Amino acid sequence: MWRVAAVRALRGGGAGGPRTASGAAAAQLRQRLESELEDIRGAGTWKTERVIASRQGPHLHLAGGGSGACGAGGGEEGSRPEVIRAGVETLEKFGAGLSSVRFICGTQSIHKDLEEKIARFHQREDAILYASCFDANAGIFEALLTPEDAVLSDELNHASIIDGIRLCKANKYRYKHMDMQDLEAKLQEAQKHRLRLVATDGAFSMDGDIAPLREICQLAQKYNALVFIDECHATGFLGPNGRGTDELLGVMDKVTIINSTLGKALGGAAGGYTTGPKPLIDLLRQRSRPYLFSNSLPPAVVGCAAKALDLLMESNAIAQSMAAKTQRFRSKMTAAGFTISGKDHPICPVMLGDARLASVMAEDMLNRGIYVIGFSYPVVPKGKARIRVQISAVHSDEDIDRCVEAFTEVGRKHRALP
Ligand code: PLP
């Protein structure tokens, strides 16, 4: 108690609500922020968060009542009882956290075991854990590339890749989305540099499309470049054994570096990693700033991820069932008259075009107990509003059929369908 009282005394706060900072600079800041927030509201791009009052899973409850069938983009091993049990056991055995970064006193046997397991899963030499894949992407380019090198990045790569590239001093080339002619032109331009790294999302989450990795790897070979893929939307469910896009497209031996997340199909809690050649992983342990200067992953998270990987390596049933459910949803929705963007990916964007239509249809779907989210500008280009549906391995065929029926009803009501 005395510590709380002392901190309050230092901040000048008594018991009770928040205190308003005083002074002209604070007032000026408040005014500027309020005007910026008003601009966001005015532009119609304000994002609200629906509050979930239950576990994540195929069925969930929303705070304030209501329920929905939901998919959060992955195999959702996170809601499996074995995964939760493993997390609880690891929490009890290894504690809540290390209060430290890895190289001070933050490395436990479970961290080393998980890194070994990740490398084995992807059939790579080694792996390094991060607090998130955002961190893995923020850390890799700066550690690996110098002003003598070049990085070639798909224009629609994830924000964390864009930020990671911004932090590095290499020469930067942005090629048109999945455009191999443009990539080849940029590779030709980049021949003057010491090393070339092509960086792409394995699967792009906004459109549900999959990078043409075979063609990318062929070009990389022709122009002596390395290939980096971000597999957040692929690990655990794409490819015959859920290894990801490189397995799906038969180029596991051609992709040099993989970054991915533990926060989707591998436990669903948090965490990310890089896996690839051992000297690269060794270098990241020495140089990668988000690794060096941020706490190690909490044991419960490590326990969940390790169990999810065990399940994936024991059987390919999850990956196979994801593929079958994705196919069921995509074909039934197409037959009903909807346009689904992308191909073979469990992220199924139902293309509607109009932002208001996407928003009212998503609301109506929620009223029918289906949790889906409408996306419009600036998250996606103007005129390309959509409702993004994410199929999960734990959805039943009945869930999927119910979702298609609800879409059909709502689509007819709002004249998105004839
Ligand atoms: N990369 C991609 C392609 C993603 O979609 C995401 C998150 O959605 C990330 C990186 C960041 O992953 P994390 O949540 O582990 O930070």
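The values are calculated or read from the model by the stated rules, or taken from the named source; none is laboratory data. None of these values were measured; they are calculated from a predicted model. We place every Cβ from the backbone using ideal geometry, glycine too, and count neighbours over all the protein chains shown. SASA here: full protein model, heavy atoms, side chains in, ligands and nucleic acids out. Shrake-Rupley method; radii C 1.70, N 1.55, O 1.52, S 1.80 Å.
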Working only within the range 165-179, note down all residues that are within 26 Å of Lys384 (Cβ to Cβ) and open to solvent by less than 40 Å² (accessible area, probe 1.4 Å).
Ile165, Tyr173, Tyr175
Lone qualifier among Val394, Val379, Val410, Val404 - being among the hydrophobic types (A, V, I, L, M, F, W, C), in contact (Cβ under 8 Å) with a residue 24 or more places away in the chain, open to solvent by 60 Å² or more (accessible area, probe 1.4 Å) and not in a strand (DSSP E or B):
Val379
Which pairs have Cβ atoms under 9 Å, sit 6 or more apart or on different chains, and link a residue in the range 78-93 that is of a type outside the set (Lys, Arg) to one that is at pLDDT 95 or above and open to solvent by 60 Å² or more (accessible area, probe 1.4 Å)?
Glu82/Lys307; Val83/Lys307; Ile84/Lys307; Ala86/Lys307; Gly87/Lys307; Thr90/Lys307
Go through the range 131-222 and tell me which strands (runs of 3 or more DSSP E), entirely inside it, have 2 or more residues that are within 16 Å of the ligand (Cβ to nearest atom).
150-154, 196-201
Could you look through the range 223-242, keep only residues that are part of a strand (DSSP E or B) and within 13 Å of the ligand (Cβ to nearest atom), and pick out the one that is nearest to Leu152 (Cα to Cα)?
Phe228
